[in-house]
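Asker: Got a structure for you, questions after.
The values are calculated or read from the model by the stated rules, or taken from the named source; none is laboratory data. Since this is a predicted model, take the numbers as computed values, not measurements. Note: ideal-geometry Cβ built from the backbone for every residue, glycine included; neighbour counts use all protein chains shown. Ligands, DNA and RNA are stripped out before the accessible areas are found, and what is left, the full protein with its side chains, is counted by its heavy atoms. Shrake-Rupley method; radii C 1.70, N 1.55, O 1.52, S 1.80 Å.
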Amino acid sequence: MRTSIATVSLSGSLTEKLTAASRAGFDGVEIFENDLLASPLTPEEIRARCADLGLSIDLYQPMRDIEAVPADEFTRNLRRARHKFELMRRLGADTVLVCSSVHPLAVDDDALAAYHLRQLAELAQEFGIRVAYEALAWGRHVSTYDHAWRIVEAADHPALGTCLDSFHILSRSCDPKDLEGIADIPGEKIFYLQLADAPLLAMDVLQWSRHYRCFPGQGGFDVAGLVGHVLRTGYAGPLSLEVFNDVFRQAEAGPTAVDAHRSLLVLQEALGVTTPPAPVVPTGVAFAELVTADAEPVSALLGALGFARTARHRSKPVDLWQQGEARILVNTSGAARRDGTGLAAIGLESPDPTGAARRAEALLAPVLPRRRAPE
């Protein structure tokens, strides 16, 4: 399946985010509006940059507080939407995400919401754009995916569909029975699928969403179960990650993007969509390696713990300390004193090292050069 990632999931400038997504193997991106506004590039330049990187622009987001508002407010919303659609045409994006309203003046009126979304879709269609309506878990009146779908169904417009977001759905309920309604949505009316996992926390859902999302398989949600329901509808769009996480937004974009794409590879394996090399279960721990600039304190500590120095590497400043079957390597090569002592590696005993390496490569682990020569 095609894979995509929201630029809000990564750190850095928009150009850095796009480069990281492309190098990690993603097929497309969602452009988050704040990233576009902060970029010195024009929409045309961003479009060209994505094309050069082999990335499609799958979604532009978000558009907020559109539906079920007073008439004068909705008139202003349509003017605002027209400007966004003109920008999207320059950007080359053909789908816009519309979140369910949290506007204080929004009313609990599904018929009015459907009427407003149909008018929005009429305008979007003039620009060749589709509208994907999503239920925010904290929406003022629309907060569940099935409610959002009923409104989309009532609006009955070809340019209007729904967006399903795993966080907004599973943060409200992890009961598998609550996902069965997804089967009632025609696959062609699911315009987009956004994925995120999260640890199971008892806290305000907005704060939970904005700070603690993680990639599929890293939290407590049954993301695979939800995606399975979606795929059975015939959904043919991308699997896209939208992950708000304070740690990811401060970490280097490149490794984060690789972790993100790996999570989708493992997810597709769980769903039976792909079949990478099978896992090889380690049979034990061969060693742990410590790197330090000063071996004396570490050696003294290991000696006090009952370890004995049993060997030294023939060409590197690496000592083997052993106690029974426990082995620790102490490496003083290239360590800086200011960095202290750190765990550099854990060696695993494997019944099939070649098979383990094949799976690691399939899941984007880098192949490190092991060349040796004088100097």
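Asker: Distance in nm between label sites at residue 71 and residue 156, each 7 Å beyond Cα in the beta-carbon direction?
Answerer: Once both label points are built, they end up 2.4 nm from each other.
Asker: Still on this structure, I have one more. Along the charge dipole of the chain, which of 196, 22, 63 sits closest to the positive end, that is, farthest toward it, with unit charges on the beta carbon of Lys, Arg, Asp and Glu (+1, +1, -1, -1)?
Answerer: 22
Asker: Place the peptides 341-350, 216-225 in order of packing, highest mean first, counting for every residue the other Cβ atoms within 10 Å and averaging per peptide. Provide the component values of the computation, followed by the final result.
Answerer: Working: 341-350: 12.8, 216-225: 18.8.
Peptide ranking by packing, descending: 216-225, 341-350.
Asker: Size of the dipole of region 278-375 about the Cα centre, Lys and Arg at +1 and Asp and Glu at -1 on the beta carbon, nothing else charged, in debye to 20? Numbers along the way, then the final one.
Answerer: Values: 12 positive and 10 negative charges, 64 e Å.
My answer is approximately 300 debye.
Asker: By how many degrees, 0 to 90 and rounded to 10, does the Cα axis of helix 71-91 deviate from the longest principal axis of the chain?
Answerer: With both axes taken from Cα atoms, the answer is about 50 degrees.
Asker: Right, something else. Tally Lys and Arg at +1 and Asp and Glu at -1 over the other residues with C-beta under 14 Å from the C-beta of residue 353: what net charge comes out?
Answerer: Working: positive: 358, 359, 370; negative: 349, 352, 361.
Once all neighbours under 14 Å are counted, the net charge is 0.
Asker: Right, next: Let's test the formula: R0 of 41 Å, r as the Cβ-Cβ distance of residue 201 and residue 44. What FRET efficiency results, to the nearest 0.05?
Answerer: On the way: r = 42 Å, r/R0 = 1.03.
Computed FRET efficiency for residue 201 and residue 44 comes out at 0.45.
Asker: Based on the alpha carbon coordinates of region 296-375, what radius of gyration and maximum Cα-Cα distance (Dmax) apply, in Å?
Answerer: Every Cα atom of region 296-375 included, Rg and Dmax give 15.8, 43 Å.
Asker: Further question: Work out how much length residue 352 to residue 365 would gain on full extension: take 0.36 nm times their residue separation and subtract the Cα-Cα distance, in nm to one decimal.
Answerer: On the way: separation 13, 0.36 × 13 = 4.68 nm, distance 1.70 nm.
Gain on extension, residue 352 to residue 365, equals 3.0 nm.
Asker: Here's another thing I want to ask about it. Nearest 10 degrees is fine. How inclined is helix 295-304 to the longest principal axis of the chain, computing both from alpha carbons?
Answerer: Around 80 degrees separate the two axes.
Asker: Just by accessible area at a 1.4 angstrom probe, what is the order of 75, 283, 332, 162 from largest to smallest? Provide the component values of the computation, followed by the final result.
Answerer: Values: 75 75, 283 100, 332 50, 162 0 Å².
Putting 75, 283, 332, 162 in descending order of accessible area: 283, 75, 332, 162.
Asker: What is the set of long-range amide H partners of residue 5 at a cut-off below 5 Å, with H atoms built 1.01 Å from backbone N?
Answerer: Residues meeting the amide H criterion: 28, 29, 30, 241.
Asker: What is the helix-to-structure angle for 253-270, meaning the angle in degrees between its Cα long axis and the longest Cα principal axis of the chain, kept from 0 to 90 and rounded to the nearest 10?
Answerer: 80 degrees
Asker: Can you give the calculated 222 nm mean residue ellipticity of the chain, where each DSSP H run of n ≥ 4 adds -39,500 (n - 2.57) and the sum is split over every residue, rounded to the nearest 500 deg cm²/dmol?
Answerer: Numbers: 12 runs with 136 residues, N = 375.
That calculation yields -11000 deg cm²/dmol at 222 nm.
Asker: Then there's this: Among 80, 172, 338, which one moves the most in a GNM of the chain with springs linking Cα atoms closer than 10 Å?
Answerer: Judging by the Gaussian network model, the answer is 338.
Asker: Which of the listed residues, 340, 48, 272, is farthest toward the dipole's positive end in the chain, when Lys, Arg count +1 and Asp, Glu count -1 at the beta-carbon?
Answerer: Most positive-ward Cα: 340.
Asker: Could you check how much of the accessible area of the chain is carbon and sulfur, as a whole percent, using a 1.4 Å probe? If you can, show how the numbers build up before the last one.
Answerer: Details: 9670 of 18340 Å².
Summing carbon and sulfur atoms, their accessible area is 53 percent of the total for the chain.
Asker: Let me ask something else. Note down the net charge around residue 107, summing +1 for each Lys or Arg and -1 for each Asp or Glu among other residues with Cβ under 12 Å from its Cβ. Show your work: numbers first, answer last.
Answerer: Working: positive: 140; negative: 67, 73, 108, 109, 110.
Result for the local shell: -4.
Asker: Mind jotting down the distance between the C-alpha centroids of region 226-266 and region 303-324, whole Å?
Answerer: Each part reduced to its Cα centre gives a spacing of 43 Å.
Asker: Given the options 6, 310, 219, identify the residue whose Cα lies farthest towards the positive end of the charge dipole of the chain (+1 on Cβ of Lys, Arg; -1 on Cβ of Asp, Glu).
Answerer: With unit charges placed on the Cβ atoms, the residue in question is 310.
Asker: Treating only the Cβ atoms of Lys and Arg (+1) and Asp and Glu (-1) as charged, compute the dipole magnitude of the chain about its Cα centre; round to the nearest 20 debye.
Answerer: Working: 37 positive and 48 negative charges, 290 e Å.
Once rounded to the nearest 20, the dipole reads 1400 debye.
Asker: Taking 7 Å along the Cα-to-C-beta vector as the label spot, tell me the residue 51-residue 23 distance in nanometres, rounded to one decimal.
Answerer: Going by the 7 Å Cα→Cβ label model, 2.4 nm.
Asker: Now for a separate question. Treating only the Cβ of Lys, Arg, Asp and Glu as charged (+1, +1, -1, -1), what charge dipole size does region 8-108 show about its Cα centre? Round to the nearest 20 debye.
Answerer: Values: 12 positive and 16 negative charges, 51 e Å.
The calculated dipole for region 8-108 is roughly 240 debye.
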